[in-house]
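Read through the structure below, which is laid out as structure tokens, and then see the notes.
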Amino acid sequence: MATRLRPASKKCTVIGGSGFLGQHIVERLLDKGYTVNVFDIRQGFENERVQFFIGDLCSKKDLLPALQGVNVVFHCASPAPYSDNKELFYRVNFTGTRTVIEACKEVGVQKLVLTSSASVIFEGKDIKNGSENLPYASQPIDYYTETKILQEKEVLAANDPENNFFTVAIRPHGIFGPRDPQLVPILIETAKSGKMKFMIGNGKNLVDFTYVENVVHGNILAAEHLHKDAAICGKAYHITNDEPIPFWTFLSRVLVGLNYEAPKYRIPYWLAYYLAMLLSLLVFIISPLIKIKPTFTPMRVALAGTYHYYSCERAKKDMGYKPVVTLDQALERTIQSYSHLRRVG
């Protein structure tokens, strides 16, 4: 009965709530007294306080029941960035997001908070303390990012104060933390196969890594600040740990924390980039005969060897954002949560 008496402003739906970030958002919303629906293609966890709706993001018929009577929608559904399924990226990130916007408007949802990506302004060249005023990448680093740009543009353009519909985009960078299925597991798998002996560049390039709880904090702050005449309506916001760290220092701390060796040899950035370009060309030439998915790509070389960190000043000013977990605390918690991946002996 208590649930029914809660005001609509405390009822929300997390689209993609079974995923890594989505689950963390759900847990924090429950802690804050929200009534939570989860919409996803699968049910990723058990929680009797959550109502699950299973369906296809591109089907308005599937979406509508999950959005009935809801005031806020958090949209963080996304395929894994390292997939090579272009059709899936376009379908989920662009077509699906259009459907979400239509469904929100149809049932009277007031607020839509999108989890975008800081990479929408990254072209493989140094970005130091980049602000949201930088233009979208005209040459995105991959197709995933290309569709995230399309997605973000759709959501921000849908902001419609006259009709009581408000939108905002959160741009995290390098999300990590407990239960992350990608960064740490992939790093350890690479180390096990003996491919983490080399670092690209001089090891000084600063990068943002963002603890999952800080991304959650940014999402919920945005939702709570999203209302008529608010500064954040129709805008994008960088949300990071606000503590840029050398890329290879971060990876080394995770590796050493789990009893693996840190990379000790260096490859000049230009050499690594041209080798990756050469490999990509070779893969393209032989693709009619044999399909190979290389892990050593120009995009990954750029991510590992350039500066890419972002300013959170706009988020601090417009919604009082401040990271709730420091990078040192975040690394410690993350390493502890992956103790099962620790190398023995």
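Just a few scattered comments:
- When residues of the stretch 97-116 are limited to those that are surrounded by fewer than 23 Cβ atoms within 10 Å (Cβ to Cβ) and either of a type in the set (Asp, Glu) or within 18 Å of the chain's Cα centre (by Cα) (or both), the one nearest to residue 159 (Cα to Cα): 102
- Single condition residue 247 does not satisfy, out of (1) modelled with pLDDT under 90; (2) under 18 Å from the mean Cα position of the chain (by Cα); (3) closer than 15 Å to residue 202 by Cβ: (1)
- Single match in 257, 194, 177 (criterion: among the small types (Gly, Ala, Ser) and either closer than 30 Å to residue 102 by Cα or surrounded by 21 or more Cβ atoms within 10 Å (Cβ to Cβ) (or both)): 177
- Of the helices (runs of 4 or more DSSP H) that lie entirely inside the stretch 52-134, those containing 1 or more residues that are of a type in the set (Val, Ile, Thr) span 97-107.
- The residue that is nearest to the chain's Cα centre (by Cα), among those in the stretch 206-222 that are more than 18 Å from residue 331 (Cβ to Cβ) and surrounded by fewer than 24 Cβ atoms within 10 Å (Cβ to Cβ), is 220.
- Boolean, residue 39 is buried (at least 24 other Cβ atoms within 10 Å of the Cβ), over 17 Å from the mean Cα position of the chain (by Cα) and among the aromatic types (Phe, Trp, Tyr): yes
- Residues that are of a type outside the set (Asp, Glu) and either without any contact (Cβ under 8 Å) to a residue 12 or more places away in the chain or in a helix (DSSP H, G or I) (or both) within the stretch 152-187 comprise 153, 155, 156, 157, 161, 163, 183, 184, 185, 186, 187, listed in sequence order.
- Here residue 266 passes the criteria (1) surrounded by fewer than 21 Cβ atoms within 10 Å (Cβ to Cβ); (2) assigned to a loop (DSSP other than H, G, I, E, B) except the one numbered (2).
The values are calculated or read from the model by the stated rules, or taken from the named source; none is laboratory data. These figures come from a predicted structure and were not determined experimentally. All Cβ positions, glycine included, derive from the backbone under ideal geometry; neighbour counts span all protein chains shown.
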